[in-house]
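Since every read-out is calculated from the coordinates, none of them should be taken as a lab result. Note that the structure is a prediction, hence the values are computed from the model and not measured. Cβ placement follows ideal geometry from the backbone for every residue including glycine, while neighbour counts extend to all protein chains displayed.
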Amino acid sequence: MKSLMYLTIFFIVTSLSHAQQVDGKLLINNSSKIEIKLKDGNAVDLFKQFKMGTHQIKFIFEGKGLPRDEQKRQIALVEFQTTLFKNGKQIGAVKRQPMPFFPGEMLEPVEAFDIINLLSTTASKFSSSSYPGKVAPGTYEVRLTAKMIGVKGEIAPVSLVIFI
């Protein structure tokens, strides 16, 4: 009898854990890849463009079988990562601590990722400029990814290619 109860609990837990799924994507200006020319190579100008609404980051996902809160809303833990490449070579990456999100479509502030931070600190090492945030000439790619914690499925990443 005890083994039957353990077997039943095992199947319930297994079926619940396999039922948790997500599907989604990250977009910038409704595209999975955009290209920007940053004329003066000033990372603060890019920050300003995001803050003024010239560029918008959307995080869209649907969930199935996710845990629910007291109001019966599904919730998923999401870990964002920002990876920076210069001329095809990775030069930096930052992974954020997981945060809870409701499924749906959300505009994310540029501060949710480390785009400006990586450009200002990592890419500016290649520049001999006298001011912070000056990015050396080159082609940069910023890749944004979202990883769901403890859930199956995938969030399609987005790329921002910056020419300086």
How big is the shadow of the Cα convex hull of segment 72-164, averaged over all directions, in nm²?
-> 6.9
Sketch the reach of a paramagnetic label on Glu111 as a point 7 Å from Cα along Cα-to-Cβ, and name the residues of segment 40-68 whose backbone nitrogen lies under 12 Å away.
-> 51
Residue span Glu154 to Asn30: 0.36 nm per residue of separation minus Cα-Cα distance leaves a gain in nm of 42.8 nm
Residue farthest toward the positive end of the dipole of segment 42-135, with Cβ of Lys/Arg at +1 and Asp/Glu at -1: which of Pro103, Ile91, Leu46?
-> Ile91
Can you list the HN-Hα couplings for segment 99-105, worked out from phi with the Karplus curve (6.51, -1.76, 1.60; θ = phi - 60°), rounded to whole Hz and with x for Gly and Pro?
-> 10, x, 9, 8, x, x, 10
Residue by residue, what Karplus-based ³J(HN,Hα) values in Hz, rounded to whole numbers, does segment 85-93 have, using 6.51, -1.76 and 1.60 with θ = phi - 60° and x for Gly and Pro?
-> 10, 10, 6, x, 9, 5, 10, x, 7
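Give me the Kirkwood hydrodynamic radius of segment 44-125, using the inverse of the mean 1/r over all pairs of distinct Cα atoms, in Å to one decimal.
14.7 Å is the Kirkwood radius here.
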